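Following: one structure in structure tokens, then a few remarks.
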Amino acid sequence: MNRAEVRAEEVPLPPWTDALAAYSLKVLDALGKDGWDLSILLCNDAYIRKLNARYRDRDEATDVLSFSLGETCPDAGEGERYLPGDIAVSLETLEENSRFFEVSFDEELRRVIIHGMLHLSGMDHQTNSGNEPMLLLQEEILNKTGGRILPLNSRRAFTPARAGGGIL
């Protein structure tokens, strides 16, 4: 059995986090993973920029970062648990990318969660070209798992405000 935890840093915890955790479990099942404890952090551009600068020497915001841990630990109730690492998602960059790629926020969120999980599974890509094996698998899993994380027409209710104020 897999477990997923969603938390937030420098943004309010969105009301759809339980649905995001449930979708993440669905993706782990599609990947054939078992015994994983997945951690997802939702944040803003400023926070992910700090992470990107500190751990990747890139002083810029991005949509998703994966931090691999790859450790096994004992669990009294279930034997051993696998701690793959953490996925950090900037909701601000996610919003921008959904507009740029002309897809729903929900679809882009599902895509970056899958992307992060594939990195935690040991996969990587050299470019963002659509023929990269990891990115092909990402889209295959997205098509296979489908499902919505967000309720219809609810996106504006939880989108983080920019530094200048207002809703994106």
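Brief remarks follow.
- Within the range 54-69, none of the residues are charged (D, E, K, R), within 23 Å of Phe105 (Cα to Cα), part of a helix (DSSP H, G or I) and modelled with pLDDT of 95 or more.
- Complete set of residues in the range 77-125 that are in contact with a helix residue (DSSP H, G or I) (Cβ under 8 Å, 6 or more places away or on another chain), assigned to a loop (DSSP other than H, G, I, E, B) and of a type outside the set (A, V, I, L, M, F, W, C): Ser104, Asp124, His125
- Restricting attention to the range 10-56 and to residues that are acidic (Asp, Glu) and under 20 Å from Met117 (Cα atoms), the residue that is surrounded by the most Cβ atoms within 10 Å (Cβ to Cβ) turns out to be Asp37.
- Checking each residue in the range 135-146 for being surrounded by 15 or more Cβ atoms within 10 Å (Cβ to Cβ) and farther than 20 Å from Thr93 by Cα picks out Leu137, Ile141, Thr145.
- Index of the failed condition, Val27 passing every other in (1) within 22 Å of Gly146 (Cβ to Cβ); (2) free of Cβ contacts under 8 Å to residues at least 40 places away in the same chain: (2)
- Condition met for Glu80 (closer than 19 Å to Lys33 by Cβ and modelled with pLDDT under 95): yes
- Apart from one condition, Arg49 fits all of (1) in a helix (DSSP H, G or I); (2) more than 22 Å from Gln138 (Cα to Cα); (3) touching a helix residue (DSSP H, G or I) at 6+ places or on another chain (Cβ under 8 Å); the exception is (3).
The values are calculated or read from the model by the stated rules, or taken from the named source; none is laboratory data. The model shown is predicted, which means the values in this text are computed figures rather than measured ones. Using ideal geometry, Cβ is built from the backbone for each residue, glycine included, and neighbour counts are taken over all protein chains shown.
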